[in-house]
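Below: one structure, written as structure tokens.
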Ligand SMILES: Cc1cc2nc3c(=O)[nH]c(=O)nc-3n(C[C@H](O)[C@H](O)[C@H](O)COP(=O)(O)O)c2cc1C
């Protein structure tokens, strides 16, 4: 797939058909992640892969509880398209990983944590893992697959870390589901912007 086609085709997918993704595809996708820019050139990134029903159900159990809290909190964004997006996404927070062929849990190393920083460069390792994540999302698209994304909330991240024996100093930025998109699923409208509306030549 041509590069800009991949960029424009990538969407967050939350509904899947029941079709297996191969381990070779997943390895190519993670290799794409590992090619991302790294703040300290060390690429201190690891990936836990969940594939069997048992593995997924065990590690995803905490999503069900937290996403119920998200639903209960009834956060209503004031923008109509965002409301539609939330209304569609929140009830799917568990299923969009449970029903994905693979779930990737990316992990990045941080010695001093990410909450005690004094300037932006203190977040470099966090920024780098998001470069990894974007490469993964694009590589999945290039493979003809889709990807779902969720940020762990509340104690979810710590619970998953404990359950999966993640060593100290590694942080989980998100869950990534990978699978074959259900092409019949509802398409969520997005705001579309073009460079001409966003560029400020010289100054704002
Ligand atoms: C930092 C970040 C956090 C996100 N968190 C979630 C999430 O917790 N649950 C979810 O369903 N989607 C999540 N998304 C996906 C966004 O909802 C999605 O990217 C956005 O609606 C734009 O749609 P698109 O990805 O199809 O272009 C997240 C995306 C980003 C970049």
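Just so you know, all these numbers are worked out from the coordinates, no wet-lab data involved. Quick caveat: nothing in here was measured; it's all calculated off a predicted structure. Ideal geometry is used to build each Cβ from the backbone, glycine not excepted, and the neighbour counts take in all protein chains shown.
Points worth noting:
- Sorted ascending by nearby beta carbons within 10 Å, beginning with the fewest, 151, 17, 63 become 151, 17, 63.
- Kirkwood hydrodynamic radius of the stretch 72-174, from the reciprocal of the average inverse Cα-Cα distance over all distinct pairs: 15.9 Å.
- Sorting 12, 141, 52, 82 by the number of Cβ atoms found within 10 Å of their own Cβ, with the fewest placed first, yields 52, 82, 12, 141.
- Listing 78, 182, 15, 40 from fewest to most neighbouring C-beta atoms within 10 Å gives 78, 40, 182, 15.
- Cα-Cα P(r), the stretch 3-198, percent of pairs per 5 Å interval: 1, 7, 15, 18, 19, 18, 14, 6, 1, 0
- When the chain is treated as a Gaussian network with alpha carbon springs shorter than 10 Å, the biggest mean-square fluctuation among 124, 39, 184 belongs to 184.
- Principal axis extents of the C-alpha atoms in the stretch 30-114 (largest first, rounded to whole Å): 41, 34, 26.
- Taking label positions 7 Å along the Cα-Cβ direction at both residue 168 and residue 52, the computed distance is 3.1 nm, reported to one decimal.
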